[in-house]
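In what follows, a structure is listed as structure tokens, so that the remarks can point back to it.
The values are calculated or read from the model by the stated rules, or taken from the named source; none is laboratory data. In this text the structure is predicted, and so the values were computed from the model without any measurement. All Cβ positions, even for glycine, are placed from backbone atoms using ideal geometry, and neighbour counts span all protein chains on display. Side chains are part of the model used for accessible areas, which takes the heavy atoms of the whole protein and leaves out ligands, DNA and RNA. Shrake-Rupley method; radii C 1.70, N 1.55, O 1.52, S 1.80 Å.
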Amino acid sequence: MDFPEGKRYLSFAALLRQRYGQRLQKLVIDAGFTCPNRDGTVGLGGCTFCDNAAFHPGYSTPGKSIAEQLDEGISFHKVRYPRAGRYLAYFQAYSNTYAPVSRLKELYLEALSHPEVCGIVIGTRPDCVDGRKLDMIAELAALPTGEDAPFDKPIVRIEYGIESCSDDTLGRINRGHDFECARRAVGMTAERGIPVGAHFILGLPGETRGTMLRQCADISSLPLDSVKFHQLQIIKGTRMEKEYSERPEDFLRLGLEDYLDFVVDLLERLRPDLAVERVAGEVPPRFVEETPWGLVRNFEILRMLDRRLEERDTFQGRLY
């Protein structure tokens, strides 16, 4: 297969560099949303694995305006990633379509008005979209940009937290929706020409290597442009931490070397045109009781993955 930058899988970052000629860096935004499985609409307490504070940086807090969060995020990332050309405002915390259309449009336009932001990425749940919201988002994606903008139109993407294709698993983690809901939402989004990604967690309770590998067929059947995989991390104080302490045998916990081999197994079974944005996640050590992989960073894991694919002489989609 001919993947960008000579890789053996379709790297989302490499694809963006190829498509836009520069690195695009995400800036995490907390716009003050909540979720329907927290406020009682479909449930209470949220997903059993979730403590949102563990998944976004300190500059991203709902007490600050979107403009303030973007400015602080740009200052932070210009030191960490000086080669970033432009920025994408990433509405990440909780469910970022869980509000009236008028409020959503106001927030999205505020982010798009920032002079160094060339697009937005909207993280949400499959049960928090409908036709009116998606139509509004599609309209934003068609807006012309200013004379100094690098692209004719803003980049607008939606990213759904699906987490698992198994209804049994989704029920066990208090997700509040089934997989058919996710299939519907992804289809409605793609029908409107909005690029769509999805997030999945590897190692949720009750799932085995076999069940997770079989999910590759369901994932590949969705009209997705990109996918993220994260290993399950047991966050302090969550209901999943209690469940893990009571039934550790229900959890597949892989060391880093085994995990890399498992990710290769997944990639072999995925559609080759499905861009892979992440294969693992990072959580600050203060949020977990143990760091079984040490403090290895995501960029190191990606280098290790490249080597493992070469060692096994395989590539994304080989078994698709």
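Remark: region 1-137 is approximated by an ellipsoid whose semi-axes, taken from the C-alpha gyration tensor as √(5λ), come to 27, 19, 16 Å, largest first. Note on the chain: Rg/Rh from C-alpha atoms, Kirkwood Rh, equals 0.94. Under 5 Å between amide hydrogens, built in the peptide plane, is the criterion, and for residue 30 it picks out 61 among residues at least 5 positions away or on other chains. Under 5 Å from the amide H of residue 202 lie the amide H atoms of 230, 231, 232, each residue being 5 or more positions distant or on a separate chain, with H modelled from the backbone and absent for Pro and chain starts. Each residue was assigned an accessible area with a 1.4 Å probe, and for residue 315 the value is about 60 Å².
Put 83, 103, 183 in order of accessible area, highest first, and with a 1.4 Å probe you get 83, 103, 183.
Computed over the chain with a Gaussian network model linking Cα atoms closer than 10 Å, the most mobile of 28, 288, 276 is 288.
Residue 27 exposes around 0 Å² of accessible area when a 1.4 Å probe is run over every protein chain in place. Counting only protein chain heavy atoms and rolling a 1.4 Å probe, the accessible areas of 166, 95 rank, largest first, as 166, 95.
Given +1 at the Cβ of Lys and Arg, -1 at the Cβ of Asp and Glu and no other charges, the dipole of region 178-320 around its Cα centre is 320 debye to the nearest 20. Annotation for residue 142 and residue 67: the two label points, set 7 Å from Cα along the Cα-Cβ direction, are 2.9 nm apart. The HN-Hα couplings worked out from phi for region 291-300 by the Karplus form 6.51 cos²θ - 1.76 cosθ + 1.60 (θ = phi - 60°) are 10, x, 8, x, 10, 5, 8, 4, 5, 5 Hz, whole numbers, x standing for Gly and Pro.
Converting phi to 3J(HN,Hα) with the Karplus coefficients 6.51, -1.76 and 1.60 and the offset θ = phi - 60°, region 3-10 yields 9, x, 6, x, 7, 9, 8, 7 Hz in sequence order, with x at every glycine or proline. Of 307, 38, the residue with the largest accessible area leads and the full order is 307, 38 (1.4 Å probe). Taking every DSSP bridge with both residues inside the chain, close to 5 percent are antiparallel. Rounded to the nearest 20 debye, the dipole magnitude of the chain is 360 debye, with +1 charges on Lys and Arg beta carbons, -1 on Asp and Glu beta carbons, and the Cα centre as origin. Per-residue surface analysis assigns residue 256 an accessible area of about 30 Å², computed on protein heavy atoms at 1.4 Å probe radius.
Per residue of the chain, what 222 nm ellipticity follows from adding -39500 (n - 2.57) for every DSSP H run with n ≥ 4, rounded to the nearest 500?
Value at 222 nm, helices only, nearest 500: -11000 deg cm²/dmol.
Here is the link list: 105/236; 7/236; 133/153; 7/133. Which ones come out longer than 29 Å on Cα distance? Exceeds cut-off: 105/236; 7/236; 7/133.
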